[in-house]
1. If you take the residues of the range 73-90 that are over 13 Å from the mean Cα position of the chain (by Cα) and at pLDDT 90 or above, which of them is surrounded by the most Cβ atoms within 10 Å (Cβ to Cβ)?
2. Out of (1) modelled with pLDDT of 95 or more; (2) more than 36 Å from the chain's Cα centre (by Cα), the odd one out for D47 is which?
3. Looking only at residues that are outside any helix (DSSP H, G or I) and touching a Leu at 6+ places or on another chain (Cβ under 8 Å) in the range 40-57, which one is surrounded by the fewest Cβ atoms within 10 Å (Cβ to Cβ)?
4. With respect to F129, is the statement that it is more than 20 Å from the chain's Cα centre (by Cα) and surrounded by 13 or more Cβ atoms within 10 Å (Cβ to Cβ) true?
5. Could you tell me which residue of the range 9-34 is nearest to the chain's Cα centre (by Cα), considering only residues that are farther than 21 Å from K103 by Cα and either part of a loop (DSSP other than H, G, I, E, B) or among the β-branched types (V, I, T) (or both)?
6. Of all residues in the range 17-59, which are closer than 18 Å to R104 by Cα and charged (D, E, K, R)?
7. Do we have any residue at all in the range 20-36 that's small (G, A, S) and either surrounded by 13 or more Cβ atoms within 10 Å (Cβ to Cβ) or touching a Cys at 6+ places or on another chain (Cβ under 6 Å) (or both)?
8. Could you list, in sequence order, all residues of the range 70-81 that are touching a Phe, Trp or Tyr at 6+ places or on another chain (Cβ under 8 Å) and closer than 14 Å to L158 by Cα?
Amino acid sequence: MLLRNGFIMEILRVKRDFKSQEAFVDGICDVRQYRRYINNESQIPFDILNLFLGRSNMTIDEFLSFYSEEERKETMFTRGIYNHLMTGKFDRADEMIRDYAEKRFVLEANKTLYSFCKYFYQRKKDLTFLFEYKDYVATLINYPKILNFQFLSHYEMLILSNYSQDLPNDERDKVIDKLTEVLINHEVTDMNSLDSHLIILYSLIQHHGLKKHFTEALKLCEIGIKISFEYHHHYLIGQLYYFKSLCHHQLDHIELRNEAIVKCVQLFDLDINKNLRDHFYKLIEKDFELNLEDVMIDYWQKQKR
């Protein structure tokens, strides 16, 4: 068994109330070797790991569960920072960034997202930081070499989709094309990655719509709606149907547009956020120059036939 990050042993030591590293490693290894383990300078052999677990009165299964829970909490925390930044809650994001400033990460991917959030927040706070921001983030995700990768992690896609907004138009188009290619072929395997998957889809749909690439945008809408229903997860699904209706409208698919409008309205009718509902109802009537009630009645009359 190989640990992905030996620092988990230091977290375990603290949570099992060993007051010092010396007390924790006594009779197992010397402190200098232990520090090599927790700094990932050396792998922990299985027999040494077993001795540490024995000292902590834990089985391998309990330790793996502990490891997974620490990863989960860390992941939720870093994604929380990202979500606050993307929704404009900068004070809360700043507070969380400072809370984690001196801490070590169990997962390198979480460290990468945290670093991006820190740079992104600084850019929002200081407009003169843009040049440094672009340089730091390019190094963080290995841009532009990342565009040659056949597989991207969700964190890389999240960062890249935000980073692309500060690129020249021709470069941004290349990034969007790459993200679209990767996302279309990327399977969602768990709920943890679903929100980020939908957020990236949403930004790609907006970009393709602005570029008048309506067929590409429509394909992404269908993907987002499909996985939303598969996971019984309705985050953004009303908005996806709204974008779907816009695409069909631009492609002159009037019957399909009206069907998408009806489903969009039905989904927003279930939403407890009245302001959001009213916002999209007004958008639909303004964008298509129609009366929602007329569209709904016409659609259901045709269904009865």
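The values are calculated or read from the model by the stated rules, or taken from the named source; none is laboratory data. Model, not experiment: these values are computed from the prediction. Because the Cβ atoms are built from the backbone with ideal geometry, glycine has one as well, and the counts that use them run over all protein chains shown.
1. In this case the residue turns out to be E74.
2. Exception for D47: condition (1).
3. Q43
4. yes
5. V25
6. Passing the criteria: R35, R36, E41.
7. no
8. Passing the criteria: T78, I81.
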